[in-house]
Structures are given as structure tokens and as C-alpha cells.
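Take a look at the structure below.
The values are calculated or read from the model by the stated rules, or taken from the named source; none is laboratory data. Every value quoted in this text rests on a predicted model; they were computed, and no experiment measured them. Here the Cβ is made from the backbone with ideal geometry for all residues, glycine too, and neighbour counts use every protein chain on show.
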Amino acid sequence: MRLLLLTGLGLGRSPVAPGTAGSLLPVAVVLALVAIVGPHWSVDGSVALLGLCGALVCVRFGADGETAFGRKDPPQVVADEVAGQAIPLLGLPWRPFDSPSSIAHNALLAAVAFVAFRVFDIAKPPPIRRLQRLPGGFGILVDDLIAGLYALIAIRAALAFGVMEYSSAH
């Protein structure tokens, strides 16, 4: 069960880009929730809870994952990506899935949040790379949380400066 949670329900076992596969879980969850319940506070609450669960799994079982996979911050462990990816998805101006333009708007928001997180997670600008040296689950987790925070800041800046449309109205 620990490895199932650490691997993001098995997504981390993807033979190609396991971190990218793991990052897709929160994106799929947020889009499904917006489609089902609409742009509602419960979407942010659910995504925050998913991120918190990913973080807790990393902290509690991260050392077990390193032992099981035989290396520090193993690529199969993607609960950290789940936690980090949840951050830039929070508080975005989602729209109801009631028109093609709303669906396109939500897809664009999700795609930008996904790409921004992956760019920061892979590039590891300071101090991200240094934070990976922390022991056990903290070393696995903290760099992804900072990457998520950087992605959130980038998205908020894009919205504030009009690079992306901010209005949640049709």
C-alpha cells in the first residue's frame, strides 16, 4: 500500500517520464471536479486535500520508497509531484463546462499550470536543487513544493499582467 501511494497509484511506474505522469493526477482531478461540480470552493478544497495527502505520504513513507527503489528521490516516487502540482492549480478562475469556450479556457488553465510546474520541477532554479539534499521524505517533497509555488507565482503574474485571461465570466 505504501508503494502504491508513493507511486501515485502506479503512475510513477511509467517507463517514460514518471514525474510527468504523476503530475497529471491532480490535473485530471481538478478538471473532473470542475466538470462535475463547476467552479466551486470544493474544487480548491479537494485539490488542496489531494496535495496534502501527497505531501504526507512523502514525509511518512519517502524513506521507505528510497529503500525499495534503491536510490535517493527515486523517479518512481511521484507523490511529491502530486503535492507540488496541486499548488499551481489552486484558486484558478475555472468556468463551468457549459460551452466550448469554457472548456477551452479550463483546458488552457490546466495546461499552463501543468507545464509551469514541470518546467520549474525539471529546471530546479535556486534554491530547489539544494533542498533535495534534505533527508528522507522531506528531500523528496520540498523541492516539488517550491517548484509548485514558483509555478503558482508565474501563473498569477500571467493572469495579473493580462498574458492570460482572468475573468471567470463567459
For this session: Could you tell me whether Ala147 is within 10 Å of the chain's Cα centre (by Cα), of a type in the set (A, V, I, L, M), crowded, with 18+ Cβ neighbours inside 10 Å and under 16 Å from Ala48 (Cβ atoms)?
Result: no
Exercise. List pairs: first in the stretch 66-89 and part of a loop (DSSP other than H, G, I, E, B) and buried (at least 24 other Cβ atoms within 10 Å of the Cβ), second modelled with pLDDT of 95 or more and β-branched (Val, Ile, Thr), Cβ under 8 Å, 6+ apart or cross-chain?
Worked result: Val77/Thr7; Val78/Thr7
Exercise. Just to be sure, is Asp44 buried (at least 18 other Cβ atoms within 10 Å of the Cβ) and in contact with an Asp or Glu (Cβ under 9 Å, 6 or more places away or on another chain)?
Worked result: no
Exercise. All but one of (1) touching a helix residue (DSSP H, G or I) at 6+ places or on another chain (Cβ under 8 Å); (2) part of a helix (DSSP H, G or I); (3) in contact (Cβ under 8 Å) with a residue 24 or more places away in the chain hold for Ser101; which doesn't?
Worked result: (1)
Seminar exercise, completed: The correct count of residues that are buried (at least 18 other Cβ atoms within 10 Å of the Cβ) and at pLDDT below 95 in the stretch 23-38 is 0
Seminar exercise, completed: The residue from Gly84, Gly51, Gly137, Gly45 that alone is at pLDDT below 95 and either farther than 20 Å from Gly22 by Cα or not hydrophobic (A, V, I, L, M, F, W, C) (or both) is Gly137
For this session: May I ask you to list the residues in the stretch 37-51 that are assigned to a helix (DSSP H, G or I), over 23 Å from Arg13 (Cβ atoms) and under 19 Å from the mean Cα position of the chain (by Cα)?
Result: Trp41, Ser42, Val43, Asp44, Gly45, Ser46, Val47, Ala48, Leu49
Problem set entry | Close pairs (6 angstrom Cβ cut-off, 6 or more residues apart or separate chains): closer than 17 Å to Leu109 by Cβ in the stretch 27-53, of a type in the set (S, T, N, Q) anywhere | Leu33/Ser46; Val34/Asn106
